[in-house]
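Chemist: Dropping the structure in here first, questions after.
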Amino acid sequence: MPDYQAPLRDLRFVMDEMLDYPAHYARLPGGEEASPDVVAAILEEGARFAREVLLPLNQSGDREGCLLEGGEVKAPKGFKEAYAQYVEGGWPSLAADPAHGGQGLPPSLAMVLNEMVCATNLAWGMYPGLSHGAADALRHHGTEEQQATYLTRLVEGTWTGTMCLTEPHCGTDLGLIKTRAVPNDEGSYAVTGTKIFISAGEHDLAENIVHLVLAKLPDAPEGSRGISLFVVPKFLPDAEGNPGERNGVVCGSLEHKMGIHGNATCVMNFDAAKGYLVGAPNKGLACMFTMMNAARIGVGIQGLGLTEASFQNALAYARDRLQMRALGGPKSPEKAADPIIVHPDVRRMLLTQKAFAEGGRMLVLYTAQMIDSVEHGTDADEKARAETLLGLLTPIVKAFLTEVGFEATNEGVQVFGGHGFIQEWGMEQLVRDARITRLYEGTTGIQALDLLGRKVLMSQGESLKVFTREIHKFCQAEEGNGELAEFVRPLAKLNQEWGEMTMAIGMKAMSDREEVGAASVDYLMYSGYVTLAYLFARAAKQARMALSEGTFDAAFYRAKLDTARFFYQRLLPRTRAHKAALEAGAESLMAIGAEDFGLGFEI
Ligand SMILES: Cc1cc2nc3c(=O)[nH]c(=O)nc-3n(C[C@H](O)[C@H](O)[C@H](O)COP(=O)(O)OP(=O)(O)OC[C@H]3O[C@@H](n4cnc5c(N)ncnc54)[C@H](O)[C@@H]3O)c2cc1C
């Protein structure tokens with residue numbers, strides 16, 4: 001069975017040394033609750049829960065899957081008990097507002113714990129995972145009564161939430177949805193339609209399920225301007241707010257899928273189910289975006305967690321597995337062969353995983369500070385800046401970390417050789433589980449359009465400038481630091497190139513809108529590599545400082561520098577290929593007629 005140790009040392013490095021979380025928390029109202037001792041205790045307990053409770057259920061949950069019987073779904077063995085422990089431990093309420101029964105700790109702390117959950121059991125993590133987004137939508141857009149009825153139960157964890165957007169004929173283009181909501185006499189709505197691919201749509205972990213559903217009112221305008229949001233509970237709350245009468249929403253079937261087998265992916269049939277409008281009529285998509293933004297960061301964290309899990313197990317295997325001799329002569333002459341970690345190509349794979357895990361962790365924790373500031377900050381300028389940066393970074397966190405997460409888990413299989421392909425070791429499950437992260441909550445293609453089209457070009461490049469100015473300031477401050485030159489010089493160049501390249505795409509797009517779509521995924525990947533380069537340069541600075549001041553943990557800081565160097569020398573050059581591809585423009589993509597794609601075969 002795969003093992004996992006939460007990367008507590010690396011978390012301490014990023015949180016305490018690099019990003020000064022203690023000072024960040026001290027600045028937030030109520031942040032004094034998140035003292036270093038409290039944070040350390042929470043992380044250790046989270047690490048224990050992930051390793052001891054969730055990890056042992058990961059492979060069994062994958063093999064067993066979910067069972068639908070008479071409209072009821074049974075999650076795999078042990079999932080329900082693990083969820084009960086999770087609720088009893090107060091985990092769902094950690095970062096929620098005390099006004100709704102939460103503990104009021106900063107959202108960033110919940111994100112750190114989420115990495116551990118995703119690393120040990122992604123399928124299980126998807127049950128409470130969607131509640132967080134549903135709670136966010138109700139917190140921002142729900143009435144007081146809706147908050148008292150539903151939000152408090154979601155925060156407690158006794159009820160879970162879902163996000164019901166997708167329909168058989170539309171996932172990306174939600175303007176096409178057909179689900180209808182017709183007003184009833186007493187202020188509720190009768191919601192009718194079919195939603196597909198609904199994660200945790202039906203299960204036996206919680207006593208009630210709160211569906212947040214996109215539907216159209218009878219007089220709604222066409223397209224995405226005519227979508228409204230409704231809260232539709234599985235059991236209608238009784239006078240005391242407890243689960244009462246069964247509502248008209250049932251799970252019609254479960255999808256058979258490539259990964260996350262332990263999570264129920266449901267077809268949900270709504271048959272005049274009683275629902276209540278959340279937010280203003282026809283403004284549902286905007287409300288849902290509240291949910292989707294949080295969920296998108298959450299999916300990026302899934303990519304990170306799976307990367308770390310795959311890396312840790314590949315590393316253990318590479319130290320143990322004996323095959324062939326090192327090219328430079330035997331490293332373990334007393335053994336029949338050397339451990340495969342001596343081979344440069346195996347090291348390339350392990351370091352790729354390690355760099356994406358450590359780089360991804362820095363990116364998530366850097367972004368998490370923006371979330372804390374947006375949610376709880378008191379300084380208006382700082383909040384506005386955080387909001388801009390968060391908007392820019394969200395599609396990068398979601399798409400870049402899931403793209404490289406898929407690459408990293410695939411490399412994990414490769415390190416194991418043929419054994420990686422065999423179920424027993426658990427490495428192939430990580431690849432299968434990682435595959436969905438590039439798709440749901442908006443595919444990589446859609447995130448890339450969001451980044452380049454909406455966030456960067458629609459702001460005339462302003463949002464990007466907020467970030468590139470920060471990188472520029474760092475490079476200027478470190479210009480004379482010879483020890484960092486290997487990082488700062490290439491970073492400064494790339495940072496300038498990023499801005500120039502963006503302007504050039506913007507110019508092209510003025511005469512041909514297809515140029516945006518043609519450039520977008522390469523642009524997103526380029527942006528991800530430069531963002532990680534900035535964070536690795538900051539990590540290298542911190543490591544250099546620790547080493548020059550003298551530390552008992554010199555090996556950790558030297559390894560951090562080596563990883564940063566590997567990233568700069570072996571992964572950052574991928575920006576060259578992305579730049580060349582996006583500069584080639586739309587022509588070669590659009591030249592061939594849709595009907596000419598298949599001329600090589602007879603139909
Ligand atoms: C396991 C699983 C769990 C899920 N959980 C949920 C859930 O809980 N709730 C929910 O509502 N949905 C859920 N989904 C649905 C998921 O979010 C959608 O599948 C996803 O958003 C893509 O939509 P689609 O499948 O309809 O693909 P389509 O929208 O048909 O897209 C097909 C392809 O076309 C591309 N494409 C489409 N439009 C454009 C464009 N304008 N420019 C460039 N490329 C474009 C896409 O990137 C994609 O590659 C889940 C799906 C799965 C498989």
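The values are calculated or read from the model by the stated rules, or taken from the named source; none is laboratory data. No experiment lies behind these values; they were computed from the predicted model shown. Using ideal geometry, Cβ is built from the backbone for each residue, glycine included, and neighbour counts are taken over all protein chains shown.
Residues are listed down the side, and each one gets a yes or a no for (1) touching a Pro at 6+ places or on another chain (Cβ under 6 Å); (2) charged (D, E, K, R); (3) not assigned by TED's automatic domain parsing to the domain that holds residue 397:
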{"position": "440", "(1), (2), (3)": "no, no, no"}
{"position": "465", "(1), (2), (3)": "no, yes, yes"}
{"position": "475", "(1), (2), (3)": "no, no, yes"}
{"position": "483", "(1), (2), (3)": "no, yes, yes"}
{"position": "493", "(1), (2), (3)": "no, yes, yes"}
{"position": "497", "(1), (2), (3)": "no, yes, yes"}
{"position": "500", "(1), (2), (3)": "no, yes, yes"}
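Chemist: Picking from 388, 378, which residue would you name as being of a type in the set (Ser, Thr, Tyr) and in contact with a helix residue (DSSP H, G or I) (Cβ under 6 Å, 6 or more places away or on another chain)?
Modeler: 388
Chemist: Another question, if that's okay. Please determine whether any residue of the stretch 368-389 is part of a helix (DSSP H, G or I), β-branched (Val, Ile, Thr) and either within 30 Å of residue 340 (Cβ to Cβ) or touching a Cys at 6+ places or on another chain (Cβ under 7 Å) (or both).
Modeler: Checking the stretch 368-389: not a single residue is part of a helix (DSSP H, G or I), β-branched (Val, Ile, Thr) and either within 30 Å of residue 340 (Cβ to Cβ) or touching a Cys at 6+ places or on another chain (Cβ under 7 Å) (or both).
Chemist: If you take the residues in the stretch 433-448 that are part of a helix (DSSP H, G or I) and within 6 Å of the ligand (Cβ to nearest atom), which one is nearest to the chain's Cα centre (by Cα)?
Modeler: For the stretch 433-448, the residue satisfying everything is 436.
Chemist: Restricted to the stretch 225-266, and to residues that are away from the ligand (no atom under 16 Å from the Cβ) and charged (D, E, K, R), which residue is surrounded by the most Cβ atoms within 10 Å (Cβ to Cβ)?
Modeler: Here the answer is 246.
Chemist: Which of the residues belonging to the stretch 475-489 are surrounded by fewer than 19 Cβ atoms within 10 Å (Cβ to Cβ) and assigned to a helix (DSSP H, G or I)?
Modeler: 476, 477, 482, 483, 485, 486, 489
Chemist: Here's a follow-up. Mind listing whichever residues of the stretch 586-603 are part of a loop (DSSP other than H, G, I, E, B) and surrounded by 10 or more Cβ atoms within 10 Å (Cβ to Cβ)?
Modeler: Hits for the stretch 586-603 are 586, 592.
Chemist: Only one of (1) at pLDDT below 95; (2) exposed (fewer than 15 other Cβ atoms within 10 Å of the Cβ) fails for residue 130. Which number is that?
Modeler: (2)
Chemist: Here is a follow-up. Quick check on my filter: what residues within the stretch 391-410 are in contact with a Leu (Cβ under 6 Å, 6 or more places away or on another chain) and within 16 Å of the ligand (Cβ to nearest atom)?
Modeler: Those that are in contact with a Leu (Cβ under 6 Å, 6 or more places away or on another chain) and within 16 Å of the ligand (Cβ to nearest atom): 395, 399, 405.
Chemist: Same structure, new question: Within the stretch 25-52, work out how many residues are buried (at least 19 other Cβ atoms within 10 Å of the Cβ) and more than 22 Å from the chain's Cα centre (by Cα).
Modeler: Of the residues in the stretch 25-52, 4 are buried (at least 19 other Cβ atoms within 10 Å of the Cβ) and more than 22 Å from the chain's Cα centre (by Cα).
Chemist: May I pose another question? Is one or more of the residues making up the stretch 505-522 in contact with a Ser or Thr (Cβ under 7 Å, 6 or more places away or on another chain), within 28 Å of residue 586 (Cα to Cα) and modelled with pLDDT of 95 or more?
Modeler: Yes - at least one qualifying residue is present in the stretch 505-522.
Chemist: Something else: Between a residue in the stretch 190-209 that is within 29 Å of residue 81 (Cβ to Cβ) and in a strand (DSSP E or B) and any residue that is of a type in the set (Lys, Arg) and at pLDDT below 95, which pairs come within a Cβ distance under 9 Å, given they are 6 or more apart or on different chains?
Modeler: Once the first residue is within 29 Å of residue 81 (Cβ to Cβ) and in a strand (DSSP E or B) and sits in the stretch 190-209, no partner that is of a type in the set (Lys, Arg) and at pLDDT below 95 comes close enough.
Chemist: Right, another one. Among the residues of the stretch 463-504, how many are over 21 Å from residue 522 (Cα atoms) and of a type in the set (D, E, K, R)?
Modeler: 8
Chemist: Working only within the stretch 541-557, note down all residues that are farther than 18 Å from residue 362 by Cβ and either touching a Ser or Thr at 6+ places or on another chain (Cβ under 8 Å) or in a helix (DSSP H, G or I) (or both).
Modeler: Across the stretch 541-557, the qualifying residues are 547, 548, 549, 554, 555.
Chemist: When you go through 326, 314, 309 one by one, which is the residue that is more than 30 Å from residue 185 (Cα to Cα) and touching a Gly at 6+ places or on another chain (Cβ under 7 Å)?
Modeler: Within the list 326, 314, 309, the selection yields 314.
Chemist: Given the conditions (1) surrounded by fewer than 24 Cβ atoms within 10 Å (Cβ to Cβ); (2) in the same structural domain as residue 443 (by TED's automatic domain parsing); (3) in contact with a Gly (Cβ under 6 Å, 6 or more places away or on another chain), which single one is not true for residue 269?
Modeler: All conditions are met except number (2).
Chemist: Here's a follow-up. Residue under question is residue 413, and the condition is that it be in a helix (DSSP H, G or I), away from the ligand (no atom under 16 Å from the Cβ), aliphatic (A, V, I, L, M) and surrounded by fewer than 24 Cβ atoms within 10 Å (Cβ to Cβ); does it hold?
Modeler: It is true that residue 413 is in a helix (DSSP H, G or I), away from the ligand (no atom under 16 Å from the Cβ), aliphatic (A, V, I, L, M) and surrounded by fewer than 24 Cβ atoms within 10 Å (Cβ to Cβ).
Chemist: Can you report the number of residues in the stretch 116-157 which are within 16 Å of the ligand (Cβ to nearest atom) and within 28 Å of residue 53 (Cβ to Cβ)?
Modeler: So the count comes out to 18.
Results for (1) surrounded by 22 or more Cβ atoms within 10 Å (Cβ to Cβ); (2) over 24 Å from residue 572 (Cβ atoms); (3) in contact (Cβ under 8 Å) with a residue 24 or more places away in the chain, shown as yes or no for each residue.
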| site | (1), (2), (3) |
| --- | --- |
| 303 | yes, no, yes |
| 306 | yes, no, yes |
| 309 | yes, yes, yes |
| 335 | no, yes, no |
| 365 | no, no, yes |
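Chemist: So, one more: Give the stretch 179-210 a look and list any residue that's touching a Ser or Thr at 6+ places or on another chain (Cβ under 8 Å), over 18 Å from residue 244 (Cβ atoms) and of a type in the set (D, E, K, R), or say none.
Modeler: 180, 195
Chemist: Under the condition of being acidic (Asp, Glu) and not in a helix (DSSP H, G or I), which residue from the stretch 319-363 is nearest to residue 116 (Cα to Cα)?
Modeler: Only one residue tops the list, namely 338.
Chemist: A further question on this structure: Take the stretch 183-212 and flag every residue that is out of contact with any Pro (no Cβ under 8 Å at 6 or more places or on another chain), crowded, with 19+ Cβ neighbours inside 10 Å, within 24 Å of residue 65 (Cβ to Cβ) and not β-branched (Val, Ile, Thr).
Modeler: Correct list: 195, 197, 199, 200, 201, 202, 203, 205, 206.
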